[in-house]
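The values are calculated or read from the model by the stated rules, or taken from the named source; none is laboratory data. Note that the structure is a prediction, hence the values are computed from the model and not measured. All Cβ positions, even for glycine, are placed from backbone atoms using ideal geometry, and neighbour counts span all protein chains on display. Just so you know, the surface numbers come from the protein's heavy atoms only, side chains and all, with ligands and any DNA or RNA stripped out. Shrake-Rupley method; radii C 1.70, N 1.55, O 1.52, S 1.80 Å.
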Amino acid sequence: MAKFQFVLLIHAHQPVGNFDDVIERAYAQSYLPFVQVLARHPSIRMGLHYTGSLLEWIERAHPEYFDLLRTLVQRGQVELVGGGFYEPILVAIPPEDRHEQTTRLTGYIEKHFGARTRGAWLAERVWEPQLPSSLAPSGVEYTLVDDNHFLGAGFELDQLYGYYVAEDQRHSVKVLPGLKALRYLLPFHAPVDTIEFLRISAKEHPGGMAAMGDDLEKFGVWPGTNKLCYTDGWLENLFIALERNSDWLETATPGAAVSSRPPLGRADLPTASYSEMMEWALPTAARNRYHALSTEFAARTEMLPFLRGGIWRNFFSKYGESNLLHKKMLHVSGKVRELFEHPHPVQAFRDAREQARTLMLRGQCNDPYWHGVFGGLYSPHLRTELWRSLIQAEAIADALANPAGHYQNVVTTDFDSDGRDEIYFTSDRYAAVLCPADGATISALDCRQSNAALVNSLARRPESYHAKLKNLKAGESHSAQSIHEQTRAKETDLDRWLHYDRWARHCFRLLLFGREKKHPDSGTAQLSEDPALAGGSYRAARVSPTQATLVSEASADWSAEKTFSFANSAAGFGILCDVALRRVAASSATVYVGIEAVLNFLAPSAHDRYFESAGERQPLRWSAVAPGSNLRVVDEWQGVSVTLTAPHAQEFWITPIETVSESEEGFERIYQGSQIIAVWPLEMASGAEWRGQLNFNVARLT
C-alpha cells in the first residue's frame with residue numbers, strides 16, 4: 001500500500017517597501033536557518049514559495065541563498081511554487097494583470113533556478129469561484145486553500161485528505177485543502193503531536209495525504225519561534241521524527257502529490273479566505289457579534305463551518321483609505337494597459353511603458369490593502385511605497401500620452417466607486433482627487449516631482465481589539481504561541497490614545513466650531529464642528545482644468561463656497577483654497593473657523609523631517625499652537641516641502657494623528673501624519689460674509 005503523504009507548502013513574503021533591516025532580520029532568523037536545517041535532511045520534501053518582491057531582495061542582498069535553493073531544487077527536495085510576483089490578491093486586480101503577475105514570477109524562477117513552476121500560492125488564500133479561468137491559462141496546475149473553504153461548501157473534514165478539481169468556464173485547477181489543525185500544531189506543539197495527528201489520519205485515510213500551507217515567518221520571525229525552532233531544535237526534531245516514521249509516512253512536494261493520485265472529485269468552493277481573515281474583514285460591530293457567536297458555539301465544532309465572516313473585499317468598504325488606494329491602482333492599471341494596445345517603434349517609449357507596468361504591478365502588493373494581526377494598512381511606510389509606485393507609474397503614462405510636456409487636465413468621475421463623483425486634476429507636477437460629497441476636500445494629493453503622496457493618512461476608528469487594551473502592560477512576554485492567540489503591547493496605557501475621528505483624514509476640510517474649544521479638543525476629535533460644512537455634500541458650480549468652485553447650502557445657519565485653484569510654480573505647484581462663508585441664520589455668532597490640512601511625512605522622530613515655525617524646527621510629532629499665518633513642513637528624505645500660508649489667521653493648531661493597532665509584535669501606536677488647522681476667530685452678524693484662504697505650496701527640494 002502507498003505510504004501516507006505529508007504535503008507542506010511553506011510561503012515566504014516581505015511587503016513591497018518593507019525596511020531592509022526588517023527583511024534582514026527575517027532572513028537571519030527564519031529564511032536562512034530553515035533551509036539550512038532542511039538541507040541536512042535530504043529525504044524531507046516540500047514546496048517553497050517566495051514572492052517576487054522577496055526574491056528580488058534576496059538576489060541583491062544574499063545571492064548565496066539562491067545557490068542553496070538551487071541545490072535543494074536540483075536534488076528534488078524542494079519544489080518552487082509560483083503565484084503573483086508582487087503578491088497581489090489576484091481577485092482584486094484586472095485579469096490581464098493576474099496573468100502578468102503570475103507569468104512574471106514563473107519566468108523569474110525558471111531563469112534563476114532552472115525550474116518550471118506548476119503551482120501557485122494564493123495571497124492570503126483568497127479564493128473566488130472565477131479564479132480557475134485566470135489561473136489555468138497562466139499555466140497554473142494547482143493551488144492550495146484552507147479547509148475552511150471546503151467546509152463552507154459543505155464538505156466534511158474527513159473528505160479533505162486528498163485534492164479536488166475546481167473549474168470555471170471549462171478551465172480547471174487542482175486544489176489542495178490545507179488543514180487548520182496542522183497550522184496550529186506547527187510549530188507550537190511538540191513534533192510528536194504532529195506525528196500522532198498524521199498517524200491517526202493515515203489509519204483513517206490509508207494511502208491519503210494531509211496538506212498544510214503556512215508562512216515561513218512563523219518558523220523564526222514570530223515572537224519566540226526562533227528560539228523554539230532553532231535554538232531548542234524543534235524543526236530539526238520534526239524532520240527527525242518524520243524520517244523515523246518513514247515506513248508508513250513520507251513527505252511530498254505538492255506537485256508530486258497531485259501527480260501521484262487522481263482527484264477525489266470536483267469542488268465548487270465559495271468566496272473565502274482563512275477563517276481569521278474572514279473575521280478581520282467584518283466591520284467592527286459585526287466582528288464583535290461574530291466573535292461572540294463563535295465563542296458561544298466553540299464546543300459545537302460541527303456548526304462552526306456555517307459561522308462565516310466577511311469576504312476579503314469587505315476591506316474596501318471597511319476602510320476608505322484601502323478603497324482609495326485600490327481605485328488608484330485600478331485607474332493607473334487602465335492607463336498603463338492603454339500604452340500596450342498598439343506596437344510602438346521607439347525603444348525609449350517601450351522602455352518607459354515597461355517601467356510603468358512594473359511600478360503598477362508593485363502597487364498591487366496586497367499588504368497595505370487590509371488589516372488584521374497581519375496586513376499593512378496601518379503601516380504608513382507600506383502604504384507610502386505603493387502610493388509612490390502608482391504615482392510614478394501614472395506620471396510616466398501621462399507623460400507618454402502628453403509628449404508636448406506641460407499639461408493640466410481635469411475629469412469628473414466616480415474615482416473611488418462609491419456612487420458619487422469626484423473631480424480629478426492632473427498635470428505634469430501633481431494629481432489631486434477632490435471630493436465634493438465629503439465636504440469638498442482633497443482625499444489624495446500626489447507630488448509627481450518627488451513621487452510623494454502628501455496626504456496618505458488614516459482615520460482613527462474603533463477596532464474590536466481596542467477592548468483588550470485596558471490594563472494591558474507593555475512587554476508582557478509569553479512562550480512561543482500562535483499570533484492569533486497572543487496579546488502583548490509595545491507600551492503601557494495605550495488606551496489613552498484611543499480617540500476616534502468624525503471624518504476621513506482629507507485636506508482642506510472647513511471646520512466651524514465654538515470659541516470654548518481649545519487646541520487639545522482638536523486632537524481628541526471633540527471640536528463638535530458644523531457637520532454640514534465639514535463633511536456634507538457640496539455642489540460643483542464651476543470646473544476647469546485649473547480651478548473648481550463648490551457650494552454648500554446644507555447648513556441651517558451657514559452657506560459656504562470653496563474655490564480651489566491649481567498652478568505650477570518654479571519649484572513645484574500650489575493649491576489655493578479660497579473660502580467664502582456667509583451667516584444665514586437670523587442671529588449673530590461668535591465662532592472659530594478653521595481650514596484643516598493633513599500631511600503625512602511618515603517618520604515622526606527622524607531628523608530630516610520636521611516643522612519650521614517662527615524660525616525654529618520641531619519634530620513631526622509636535623503638538624502645539626503655532627502663532628502666525630505661515631508654517632512649513634519639510635521631508636528631506638522624499639525631497640519635498642509644503643508651505644502653508646493662511647493670511648490673517650490667528651494661529652495654527654498642530655496635532656499628531658496617532659492610531660493604536662495590532663500587529664505580529666503586539667499592540668502599537670503609529671504616527672499617521674499631522675492635523676494642521678489654520679484658525680481664525682470670527683464675530684459674524686446675520687447676513688455677514690467672511691473670506692479666508694489657505695495656500696498650500698509644494699516645492700521639490702534640490
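Can you give the angle from 0 to 90° between the axis of helix 63-74 and the longest principal axis of the chain, with both taken from C-alpha atoms, to the nearest 10?
The angle comes out near 40 degrees.
Can you tell me the relative contact order of region 259-415? Whole percent, Cα pairs under 8 Å, sequence separation 6 or more.
Details: 148 pairs, mean separation 31.8, N = 157.
Relative contact order for region 259-415 comes out at 20 percent.
Placing unit charges on C-beta atoms (Lys and Arg positive, Asp and Glu negative, everything else neutral), compute the dipole magnitude of the chain about its Cα centre in debye, rounded to 20. Could you put the intermediate results ahead of the total?
On the way: 69 positive and 84 negative charges, 61 e Å.
Computed charge dipole of the chain: roughly 300 debye.
Go through TRP497, GLN547, GLN392 and say which Cα lies farthest out towards the positive end of the charge dipole of the chain; charges sit on Cβ, +1 for Lys and Arg, -1 for Asp and Glu.
Sorting the options by dipole projection puts first GLN547.
Have a look at PRO368, ALA401, PHE415 and report the one farthest towards the positive end of the charge dipole of region 363-471, computed about the Cα centre with Cβ charges (Lys/Arg +1, Asp/Glu -1).
PRO368
Could you give me the percent of Cα pairs per 5 Å distance bin for region 26-138, shortest bin first, beginning at zero and ending with the bin that holds the maximum distance?
Going out from 0 Å in 5 Å bins, region 26-138 shows 2, 11, 22, 22, 18, 12, 8, 3, 0 percent.
So if I take the alpha carbon set of the chain, get Rg, then get Rh from the Kirkwood formula, what is the Rg over Rh ratio? Please list the in-between numbers first.
On the way: Rg = 27.4 Å, Rh = 27.3 Å.
When Rh is taken as the Kirkwood radius, the ratio is 1.00.
Leaving ligands, DNA and RNA out of it, report the carbon-plus-sulfur percent of the accessible area of the chain at a 1.4 Å probe.
Numbers: 13340 of 26460 Å².
Ligands and nucleic acids excluded, carbon and sulfur reach 50 percent.
Relative contact order (percent) for the chain, with alpha-carbon contacts under 8 angstrom and 6 or more residues of separation? Could the numbers behind the result be given before it?
Details: 1534 pairs, mean separation 73.8, N = 702.
Worked out over the chain, it gives 11 percent.
At 0.36 nm per residue, and after removing the present C-alpha to C-alpha distance, how many nm does the segment from ASP578 to ARG199 gain when stretched out fully?
Numbers: separation 379, 0.36 × 379 = 136.44 nm, distance 7.36 nm.
Extending this stretch completely gives an extra 129.1 nm.
With runs of 4+ DSSP H residues as the only contributors, calculate the mean residue ellipticity of the chain at 222 nm using -39,500 (n - 2.57) per run, divided by the residue total and rounded to the nearest 500. Write out the running numbers ahead of the final one.
Numbers: 19 runs with 195 residues, N = 702.
Taken over the chain, the calculation gives -8000 deg cm²/dmol.
Would you grab the residues whose amide H sits under 5 Å from the one on ALA489? Only those 5+ places off in sequence or on another chain, please, with H modelled 1.01 Å from N.
GLY475, GLU476, PHE667
Applying the Karplus parametrisation 6.51 cos²θ - 1.76 cosθ + 1.60 with θ = phi - 60° to the phi angles of region 210-224, what ³J(HN,Hα) value in whole Hz is obtained for each residue in order, glycine and proline being reported as x?
For region 210-224, the Karplus-derived couplings read 10, 10, 9, x, 7, 7, 5, 5, 6, 9, x, 9, 4, x, x Hz, x marking Gly and Pro.
Helix 52-61 against the longest principal axis of the chain: what's the angle in degrees, Cα atoms only, rounded to the nearest 10?
90
Taking the solvent-accessible surface of protein heavy atoms with a 1.4 Å probe, what is the per residue accessible area of the chain in Å²? Mind dumping the intermediate values first?
Working: 26460 Å² over 702 residues.
Per residue, the chain has an accessible area of 38 Å².
Ranking request for peptides 248-261, 336-349, 541-554: highest mean number of other beta-carbon atoms within 10 Å first, then the rest in descending order. Can you show the working numbers first?
Numbers: 248-261: 19.6, 336-349: 11.8, 541-554: 16.9.
For the peptides 248-261, 336-349, 541-554, the packing ranking is 248-261, 541-554, 336-349.
Test of understanding: express the Cα radius of gyration of region 311-460 as a ratio to 2.2 N^0.38 Å, with N the residue count.
Working: Rg = 15.4 Å, N = 150, 2.2 N^0.38 = 14.8 Å.
In units of the 2.2 N^0.38 Å rule of thumb, it is 1.04.
Nearest 0.05, what FRET efficiency do HIS291 and GLU616 give at R0 = 56 Å with Cβ-Cβ as r? Each step should come with its number before you reach the end.
Numbers: r = 48 Å, r/R0 = 0.86.
Efficiency for this residue pair is about 0.70.
Out of residues 5 or more away from TYR407 or on other chains, whose amide H comes under 5 Å of its own, with H placed 1.01 Å from N in the peptide plane?
The list, which skips near neighbours in sequence, is ASP428.
Enter the angle in degrees (range 0 to 90, nearest 10) between the Cα long axis of helix 95-113 and the first principal axis of the Cα atoms of the chain, meaning the one along which they spread out most.
Relative to the chain, helix 95-113 is tipped by roughly 50 degrees.
In sequence order, what are the phi-derived ³J(HN,Hα) couplings for region 185-196 according to the Karplus relation 6.51 cos²θ - 1.76 cosθ + 1.60 with θ = phi - 60°, rounded to whole Hz, with x for glycine and proline?
Using θ = phi - 60°, the values come out as 7, 9, x, 8, 10, 4, x, 4, 5, 5, 4, 5 Hz.
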